[in-house]
Amino acid sequence: MIIRKIRPLELKRCQQLCALAFEYPMQDANLSPEAALEKVRQNPRSMQDVHWDSQWAAFADDDATMLATLTVIPWRARFDGCDVPMGGIGGVASLPQYRQGGAIRGCIEAALRDLRDSGSLLSYLYPFSTSFYRKFGYELGCDWTRWRLRLSGMPALNMEGRWQLSEPDRPLTDDIRAVDRAREARYNCMVLNGDTEYLYLREDPFVTKRYTYVYYDAQDRPRAHLTAVPEGGELRCLRFVFGDREGFFGLLALLMRLAADHSHATLYLPTDVDLRGLLPEWSFDNVERVIEQRGMVRAVNVEGLLRVARARGEGRLRVGVTDPLLPENTGCFEVSFAPDRPNAVRRVDDPPEIELTIQDFSRLIVGCCDAADPEWLPDVRLRCAPERAARLFYRKPAFISQYF
């Protein structure tokens with residue numbers, strides 16, 4: 001088996017494998033490999049298109065028969081107040097006759113090595129199976145809360161601001177981007193949107209039935225935006241982005257104006273956003289709240305993450321990590337930290353105070369759980385008080401909104 005990045009004229013074959021694996025009709029199936037490549041180059045519609053040449057594939061020994069493929073997207077993401085490189089894994093696909101033969105394993109291992117060598121600190125993906133990707137060092141990452149609100153049960157609102165529909169001749173891109181930037185700054189793993197992520201604003205909402213609105217406050221400042229899709233008498237909000245109560249109520253007031261035709265609205269929000277104090281009526285199915293898993297995360301460079309991690313207070317902690325796939329991550333790292341200065345990290349031979357698999361390290365360093373409560377982390381070995389370890393490994397705001 002041969003594992004390598006694809007050559008230009010192999011892109012169409014990758015597209016075919018994805019169409020088969022994810023069971024969707026392939027667009028432009030009649031294009032030649034040359035034409036398919038040129039279309040992506042001239043009119044990229046996603047980050048996958050922009051970075052089409054970042055795809056890995058497994059081939060039979062003839063180096064021509066493609067067995068499996070995946071895409072690695074070079075995102076910039078937030079981590080503890082910094083912008084860091086994060087490799088997003090997507091488009092994982094293989095032909096059924098070649099599954100369970102190690103083709104995907106080979107692609108993932110090669111991609112992780114390349115991410116490490118090229119400077120990435122994190123990797124993220126959306127799994128078809130969490131147990132499968134745990135074998136490669138990934139662990140449960142961010143959650144989000146799915147809120148379903150009965151619009152007739154929402155509070156009466158009289159907002160002083162206004163709403164504007166985004167249309168192709170007036171896409172409101174700068175205002176939407178400004179609202180997004182504020183949210184991106186808050187959450188670990190949050191992808192920093194580039195121009196490609198705003199291509200949806202070129203679409204005609206009267207054709208797609210996807211309606212994007214911006215809420216402006218009384219001083220005409222953009223405070224929030226949403227993209228809503230009507231589905232069976234309800235509204236599904238693909239985007240519902242706000243930074244404070246006024247932004248939330250501004251969007252909610254807009255939804256209330258649609259209540260005559262839509263009974264409920266569904267929102268997808270970070271788990272630290274708690275609407276319970278803002279909504280007066282919870283009985284009789286007025287509000288439903290469900291926590292849903294939102295992908296898996298992996299540390300690609302342990303030492304790099306420890307250098308930029310935001311610790312609490314001043315002190316030192318010896319952190320032991322085991323990573324079978326990326327041996328540079330294996331070892332004991334002494335982290336010295338204090339407010340207002342970068343962490344100092346060095347390898348030591350002393351025994352670690354906290355011993356972690358790469359899976360647990362990934363989840364803890366991002367902030368998806370807390371070392372102060374080790375009872376629910378069966379593979380973590382503590383040789384210090386949990387509160388001491390929790391000065392570095394504690395729960396933090398973490399959220400990711402992009403699919404890839």
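Below are the figures for this structure:
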read-out: Residue match in the range 296-311 (condition: loosely packed, with under 13 Cβ neighbours inside 10 Å and part of a loop (DSSP other than H, G, I, E, B)); value: no
read-out: Close pairs from the range 89-103: first under 16 Å from Met1 (Cα atoms), partner in a loop (DSSP other than H, G, I, E, B), Cβ under 7 Å, at least 6 apart; value: Gly102/Met1; Ala103/Met1
read-out: Tally of residues being surrounded by 15 or more Cβ atoms within 10 Å (Cβ to Cβ), within 25 Å of the chain's Cα centre (by Cα) and basic (Lys, Arg) across the range 22-57; value: 0
read-out: Unique match (being hydrophobic (A, V, I, L, M, F, W, C), part of a strand (DSSP E or B), out of contact with any Cys (no Cβ under 8 Å at 6 or more places or on another chain) and outside the structural domain of Glu231 (by TED's automatic domain parsing)) among Phe361, Phe333; value: Phe333
read-out: So Ala93, is it surrounded by 19 or more Cβ atoms within 10 Å (Cβ to Cβ) and part of a strand (DSSP E or B); value: yes
read-out: Sole residue being in contact with a Gly (Cβ under 9 Å, 6 or more places away or on another chain), closer than 30 Å to Arg99 by Cα and surrounded by 17 or more Cβ atoms within 10 Å (Cβ to Cβ), chosen from Gly141, Gly137, Gly161; value: Gly141
read-out: Those residues of the range 191-237 which are farther than 28 Å from Leu157 by Cβ and of a type outside the set (Gly, Ala, Ser), in sequence order; value: Val191, Leu192, Asn193, Asp195, Thr196, Glu197, Tyr198, Leu199, Arg202, Glu203, Asp204, Val207
read-out: Tally, over the range 358-389, of residues that are crowded, with 20+ Cβ neighbours inside 10 Å and touching a residue at least 60 places away in the same chain (Cβ under 8 Å); value: 11
read-out: Boolean, Leu279 is aliphatic (A, V, I, L, M), surrounded by 15 or more Cβ atoms within 10 Å (Cβ to Cβ) and either at pLDDT 95 or above or closer than 21 Å to Val380 by Cβ (or both); value: no
read-out: Residue match in the range 343-354 (condition: buried (at least 16 other Cβ atoms within 10 Å of the Cβ), in contact with a Pro (Cβ under 8 Å, 6 or more places away or on another chain) and at pLDDT 95 or above); value: no
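Per-residue answers, yes or no, for (1) over 18 Å from the mean Cα position of the chain (by Cα); (2) under 28 Å from Asp49 (Cα atoms):
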| position | (1), (2) |
| --- | --- |
| Tyr198 | no, yes |
| Asp204 | yes, yes |
| Asp217 | yes, no |
| Phe248 | yes, no |
| Leu258 | yes, no |
| Leu269 | no, yes |
| Leu279 | yes, no |
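The values are calculated or read from the model by the stated rules, or taken from the named source; none is laboratory data. This one's a predicted model, so the numbers in the text were calculated from it and none came from an experiment. Every residue, glycine as well, gets a Cβ built from its backbone with ideal geometry; the counts of neighbours run over all protein chains shown.
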